[in-house]
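Here's the structure, in structure tokens; my notes come after.
The values are calculated or read from the model by the stated rules, or taken from the named source; none is laboratory data. It should be emphasised that the depicted structure is a prediction, and the values quoted were computed from it without experimental measurement. Backbone-built Cβ (ideal geometry, glycine too); neighbour counts: all protein chains shown.
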Amino acid sequence: MAILWPAFALFALTMFSVFRLARMRFAAARAGSVDPRFYKIFKGEGERPELAAVTRNVVNLYEMPTLFYAGTAFAVAAGAPGTALVTLGWAYVALRVLHSAIHVTTNKVRWRFRVFAASWLVLIAYWAVLGATIARSAPAASSGG
């Protein structure tokens, strides 16, 4: 099913980001730029800004994308994945990749927010198309009593 490929791609981005973050955290702790005890309860002298941005990016990948994964699961369960949903799914993933790239490189808030807002609008469209598709395919309610 083509509808699943964008979800797999977003999952791959998330796993790549988590592994990258782990590698960076271990390196920072080894280099002494972060006290390893900080990670116990995330209190005290924290991460340097570059590492904190990567941490925040990973957290972002566990927030709004969960609505995308849920929509994809609903589309599959309802037998509703069509070309529009697949196209919107890939657009959403492309925007999340771009958002992540901005977040962990330049971290220009204006650019990042614009990409975030675009991904949010695409996700709303994704759910609107999904809802309309399911509504069209639902059997008419019986008037029996």
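How many residues does region 21-48 contain that are under 22 Å from Leu61 (Cβ atoms) and β-branched (Val, Ile, Thr)?
1
Just need a number here: residues in region 84-108 that are of a type outside the set (S, T, N, Q) and outside any helix (DSSP H, G or I). Give the derivation first.
Taking region 84-108 and keeping what is of a type outside the set (S, T, N, Q), we get 84-86, 88-99, 101-104, 108.
Okay, now just the ones that are also outside any helix (DSSP H, G or I), so 108.
Matching residues across region 84-108 total 1.
Among the numbered criteria (1) aliphatic (A, V, I, L, M); (2) more than 19 Å from Ala128 (Cα to Cα); (3) within 19 Å of the chain's Cα centre (by Cα), which one does Ala27 miss?
Unmet condition: (3).
Would you mind finding the one in Thr55, Thr14 that is under 11 Å from the mean Cα position of the chain (by Cα), of a type in the set (S, T, N, Q), surrounded by 12 or more Cβ atoms within 10 Å (Cβ to Cβ) and more than 23 Å from Ala135 (Cα to Cα)? Reasoning before the result, please.
Numbers: Thr55 fails: under 11 Å from the mean Cα position of the chain (by Cα).
Exactly one of Thr55, Thr14 is under 11 Å from the mean Cα position of the chain (by Cα), of a type in the set (S, T, N, Q), surrounded by 12 or more Cβ atoms within 10 Å (Cβ to Cβ) and more than 23 Å from Ala135 (Cα to Cα), namely Thr14.
Anything in region 50-82 that is at pLDDT below 95 and charged (D, E, K, R)? List them, or say none.
Glu50, Arg56
Being over 14 Å from Leu85 (Cβ atoms), at pLDDT 95 or above and of a type in the set (Ser, Thr, Tyr) is the filter here; which residues of region 107-145 pass it?
Within region 107-145, just Ser119 meets the criteria.
Given the criterion within 18 Å of Met15 (Cα to Cα) and either exposed (fewer than 15 other Cβ atoms within 10 Å of the Cβ) or β-branched (Val, Ile, Thr) (or both), identify the matching residue among Val86, Val109, Val122, Val104.
Details: Val86 fails: within 18 Å of Met15 (Cα to Cα); Val109 fails: within 18 Å of Met15 (Cα to Cα); Val122 fails: within 18 Å of Met15 (Cα to Cα).
Just a single option satisfies the conditions, and that option is Val104.
With respect to the numbered conditions (1) in a helix (DSSP H, G or I); (2) surrounded by 14 or more Cβ atoms within 10 Å (Cβ to Cβ); (3) of a type outside the set (D, E, K, R), which one is the sole condition not fulfilled by Pro81?
Result: Pro81 fails condition (1) only.
Would you confirm, using the coordinates I've provided, whether Phe26 is outside any loop (DSSP other than H, G, I, E, B), modelled with pLDDT under 95 and not basic (Lys, Arg)? Working first, answer last.
Working: outside any loop (DSSP other than H, G, I, E, B): yes; modelled with pLDDT under 95: yes; not basic (Lys, Arg): yes.
So Phe26 fits the description; yes.
Can you give me the number of residues within region 50-78 that are under 22 Å from Met15 (Cα atoms), among the hydrophobic types (A, V, I, L, M, F, W, C) and outside any loop (DSSP other than H, G, I, E, B)? Steps first, please.
The initial filter retains those residues of region 50-78 that are under 22 Å from Met15 (Cα atoms), namely 50-73.
Right, trim to among the hydrophobic types (A, V, I, L, M, F, W, C) and you get 51-54, 58-59, 61, 64, 67-68, 70, 73.
Right, trim to outside any loop (DSSP other than H, G, I, E, B) and you get 51-54, 58-59, 67-68, 70, 73.
So the answer is 10.
Based on this model, can you work out whether Val104 counts as within 21 Å of Val58 (Cα to Cα) and touching a Ser or Thr at 6+ places or on another chain (Cβ under 9 Å)? So that I can check it myself, show each step before the final result.
Numbers: within 21 Å of Val58 (Cα to Cα): yes; touching a Ser or Thr at 6+ places or on another chain (Cβ under 9 Å): yes.
For Val104, the condition - within 21 Å of Val58 (Cα to Cα) and touching a Ser or Thr at 6+ places or on another chain (Cβ under 9 Å) - is met.
Part of a helix (DSSP H, G or I) and at pLDDT 95 or above - does that describe any residue in region 30-49? I'd like the intermediate steps shown before the answer.
Quick first cut of region 30-49, residues part of a helix (DSSP H, G or I) only: 30-31, 38-41, 49.
Of the ones still in play, those that are also at pLDDT 95 or above are none.
No, every residue in region 30-49 fails to be part of a helix (DSSP H, G or I) and at pLDDT 95 or above.
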